[in-house]
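J.: I am attaching a structure below and will ask some questions about it afterwards.
The values are calculated or read from the model by the stated rules, or taken from the named source; none is laboratory data. On a predicted model such as this, the values are computed, not experimentally measured, just so you know. Virtual Cβ from ideal backbone geometry, glycine too; neighbours counted across all protein chains shown. For the accessible areas, the whole protein counts, side chains as well, though only heavy atoms, and no ligand, DNA or RNA atoms are used. Shrake-Rupley method; radii C 1.70, N 1.55, O 1.52, S 1.80 Å.
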Amino acid sequence: MNESNHSEPTDESIHQLRLKANEYLLREQWGQSIQTYSQLISIYQTHSNPNHQKPLILAYSNQAEARSKARDFDGAIQDCDEALKIENTHFKTLMCKGKILMSLDRYNQALNCFKIASVENPSNVDTETRIGYLEKCKKLEFLSRTGGFDLSNWVLNGFKGKLPELAEYVNCLEIKKSEISGRGLVANKNLEMGCVLLVTKAVATERGILPDEDLGENGENAQMVMWKNFVDKVVETTSKCKRLCFLMSMLSFGENEDSLVIPDINLFKPEADQDFGFGVEKIDLRGILNILDVNSLVEETFSSQFSGKNGFNYHGVGLWVLASFINHSCNPNAKRFHIGDHVIVHASRDIKEGEEITLGYFDVFAPLKTRKEMGKNWGFDCQCKRCKFETDISLRHEMGEVETRYETGVDVGAMVYKLEESMKTWMVRGKMKGYLRASFWKVYSELFLSEKLMRKWGRRVPTMEVVVESVVEAVGGDERVLRVVVEGMKRSGGGGLVEMEKVMRLGRGVYGKVMKKQALRSIIS
């Protein structure tokens, strides 16, 4: 046997290996860097030498940085912890661990790392960087605790430049058995229109510009490539993070909805002090595909525009775990939009304690027949209060006439008048009026935006204010409703303070309370 294989490495060979690992790190070749640092760590541990202690700490710290860049956050934190076992005040390792924890939205733990680094290393040359991370972490911790998000500067800058910093946030919500399907998010206190309900970061996203639909097969192929990339990202991320794998295992696979476990919502908060190692170690590819098929969200046109991604062919898909518990309803009380990898969900109308949070998976400002067809595309038949009411109403002869008028595009004023008179005959009250008005909002908006038609029909139909109030109460705020109100106010000379406050309230229902009045006014106008 060759004894040289067991000889202790020379200082020169260790030095060369360290240079090689550092070079890989600088070149952002994360895989090679991790592999080389692992060799270096093994040598330091196998051949005990007091002079190896400091280099061993640095090797662990640098390997942690490489792992975090490769999104192996579990491994990165383990490396940091190994280094801190040797020297619990090591500045570089504390900063590295703090940054990793902050990227995982574990703000309190990250703050603790930055504070120890500050106290134990007050004269470190990297003071400015340390203070910067400390202040950033304090801000994110505040946002995660209060939900006090403010996107004003970004909005006023035309959605350009650096994306606003967002923190994971959960308002007064809990997971309960849903009357709609499976499980759902439920408010455990009264919540005002516009208030932020939830801000959460994606497990993974995939975005891109798709070819024009006219290209047919090429467009389908591009979508398939995007979907495959998205699946690959989810598989990679969950394979490297036990926590995400555990949380994903709590989502619906599309079967046996009534038998699913109802988890504590605190499990989904990043700061949750849970041992996720005991849960599911791995979800097979078939399971992941089932989960994504049921739970992934497509970015809407409005969402992408709000994120500064203009263009009809822009397409995005992602998985946001906690948001996956939100069910569809045709009389939703919430809206969502995307900023970077975060989704923000806010109340689009006032929500009562005990009410389930719901979103419109498709356009709820469409007639019943159209919504039923869209529901089939999603694989379900909506049975919300609105759909049940409209199904019953659709059996009436007069409703058939209204639908015919809508489909043939005859005088919109005559159609609105017919529908309003029919509702009087049927003794439709309250939200039920709002449901029907939302279903035919297209013709209501055409009527209210036409001075000629309003001169003819204005005295025979309800005012715009009455219709808008009923629609928003029934199905929440919508930018199309807001546009009609703003145009009406402009035609009347701009309106006074009372009118402007009503418009601002509608704006908060559409965009949420995430910006100051000046920024909101810039979008509305």
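J.: Check PHE337, PHE325 and return the single one that is at pLDDT 95 or above, closer than 23 Å to ILE175 by Cα and open to solvent by less than 50 Å² (accessible area, probe 1.4 Å).
T.: Values: PHE337 fails: at pLDDT 95 or above.
Being at pLDDT 95 or above, closer than 23 Å to ILE175 by Cα and open to solvent by less than 50 Å² (accessible area, probe 1.4 Å) holds for just one of PHE337, PHE325, which is PHE325.
J.: So if I check each of LYS228, LYS269, LYS240, which one is closer than 22 Å to LEU359 by Cβ and either open to solvent by 20 Å² or more (accessible area, probe 1.4 Å) or at pLDDT 90 or above (or both)?
T.: Working: LYS228 fails: closer than 22 Å to LEU359 by Cβ; LYS240 fails: closer than 22 Å to LEU359 by Cβ.
LYS269 is the lone residue from the list that is closer than 22 Å to LEU359 by Cβ and either open to solvent by 20 Å² or more (accessible area, probe 1.4 Å) or at pLDDT 90 or above (or both).
J.: Does LEU447 satisfy the criteria of being open to solvent by 30 Å² or more (accessible area, probe 1.4 Å) and either under 23 Å from LEU419 (Cα atoms) or in a loop (DSSP other than H, G, I, E, B) (or both)? Break it down stepwise before answering.
T.: Values: open to solvent by 30 Å² or more (accessible area, probe 1.4 Å): no; either under 23 Å from LEU419 (Cα atoms) or in a loop (DSSP other than H, G, I, E, B) (or both): yes.
For LEU447, the condition - open to solvent by 30 Å² or more (accessible area, probe 1.4 Å) and either under 23 Å from LEU419 (Cα atoms) or in a loop (DSSP other than H, G, I, E, B) (or both) - is not met.
J.: Let me ask something else. If you take the residues in the stretch 19-57 that are part of a helix (DSSP H, G or I) and charged (D, E, K, R), which one is farthest from PHE91 (Cα to Cα)? Give the derivation first.
T.: Within the stretch 19-57, the first condition is being part of a helix (DSSP H, G or I), and the residues that meet it are 19-26, 30-46, 50-57.
Filter once more, so that each one left must be charged (D, E, K, R): 20, 23, 54.
Numbers: LYS20: 23, GLU23: 22, LYS54: 12 Å.
Once the filter is applied, the top-ranked residue is LYS20.
J.: Looking at VAL428 and the list (1) free of Cβ contacts under 8 Å to residues at least 40 places away in the same chain; (2) farther than 23 Å from TYR417 by Cα; (3) open to solvent by less than 70 Å² (accessible area, probe 1.4 Å), which single condition is not satisfied?
T.: (2)
J.: Any residue in the stretch 77-90 that is crowded, with 17+ Cβ neighbours inside 10 Å, at pLDDT below 95 and out of contact with any Lys or Arg (no Cβ under 8 Å at 6 or more places or on another chain)?
T.: Looking through the stretch 77-90, at least one residue is crowded, with 17+ Cβ neighbours inside 10 Å, at pLDDT below 95 and out of contact with any Lys or Arg (no Cβ under 8 Å at 6 or more places or on another chain).
J.: I've got another one for you. Right, ILE43: open to solvent by 30 Å² or more (accessible area, probe 1.4 Å), touching a Pro at 6+ places or on another chain (Cβ under 7 Å), of a type in the set (A, V, I, L, M) and in contact (Cβ under 8 Å) with a residue 24 or more places away in the chain or not? Steps first, please.
T.: Values: open to solvent by 30 Å² or more (accessible area, probe 1.4 Å): yes; touching a Pro at 6+ places or on another chain (Cβ under 7 Å): yes; of a type in the set (A, V, I, L, M): yes; in contact (Cβ under 8 Å) with a residue 24 or more places away in the chain: yes.
So ILE43 fits the description; yes.
J.: Among the residues of the stretch 467-483, write down those that are among the basic types (Lys, Arg) and touching a helix residue (DSSP H, G or I) at 6+ places or on another chain (Cβ under 6 Å).
T.: Of the residues in the stretch 467-483, the ones among the basic types (Lys, Arg) are 480, 483.
Matches in the stretch 467-483: none.
J.: Taking the stretch 73-96 on its own, how many of its residues are within 21 Å of TYR133 (Cα to Cα) and not in a helix (DSSP H, G or I)?
T.: Looking only at that region, the number is 3.
J.: Here's another thing I want to ask about it. Out of curiosity, is GLU373 surrounded by fewer than 18 Cβ atoms within 10 Å (Cβ to Cβ) and in contact with a helix residue (DSSP H, G or I) (Cβ under 6 Å, 6 or more places away or on another chain)? Steps first, please.
T.: Working: surrounded by fewer than 18 Cβ atoms within 10 Å (Cβ to Cβ): yes; in contact with a helix residue (DSSP H, G or I) (Cβ under 6 Å, 6 or more places away or on another chain): no.
So GLU373 does not fit the description; no.
J.: With the structure loaded, tell me whether ARG455 is buried (at least 16 other Cβ atoms within 10 Å of the Cβ), among the basic types (Lys, Arg) and either part of a helix (DSSP H, G or I) or over 31 Å from the mean Cα position of the chain (by Cα) (or both) or whether it fails that test.
T.: no
J.: Kindly indicate whether any position in the stretch 54-75 is polar (S, T, N, Q) and open to solvent by 40 Å² or more (accessible area, probe 1.4 Å).
T.: Within the stretch 54-75, the subset polar (S, T, N, Q) is 61-63, 68.
Next cut, open to solvent by 40 Å² or more (accessible area, probe 1.4 Å) only: none.
Looking through the stretch 54-75, none of the residues is polar (S, T, N, Q) and open to solvent by 40 Å² or more (accessible area, probe 1.4 Å).
J.: Looking only at the stretch 384-420, which residues are part of a helix (DSSP H, G or I) and loosely packed, with under 14 Cβ neighbours inside 10 Å?
T.: Just the residues of the stretch 384-420 that are part of a helix (DSSP H, G or I), to begin with: 385-393, 397-408, 412-420.
Those that are part of a helix (DSSP H, G or I) and loosely packed, with under 14 Cβ neighbours inside 10 Å: LYS388, THR391, ASP392, HIS397, GLY400, THR404, GLU407, THR408.
J.: Right, here's the next one. Step by step: first the residues of the stretch 484-525, then only those that are out of contact with any helix residue (DSSP H, G or I) (no Cβ under 8 Å at 6 or more places or on another chain) and assigned to a helix (DSSP H, G or I), then the one that is least open to solvent (accessible area, probe 1.4 Å). Which residue is that?
T.: Filtering the stretch 484-525 for residues that are out of contact with any helix residue (DSSP H, G or I) (no Cβ under 8 Å at 6 or more places or on another chain) and assigned to a helix (DSSP H, G or I), the one least open to solvent (accessible area, probe 1.4 Å) comes out as GLU501.
J.: Residue pairs, Cβ under 6 Å, 6 or more apart or interchain, first in the stretch 97-111 and over 13 Å from LEU134 (Cα atoms), second open to solvent by 50 Å² or more (accessible area, probe 1.4 Å). List them.
T.: What qualifies is ARG106/GLU271.
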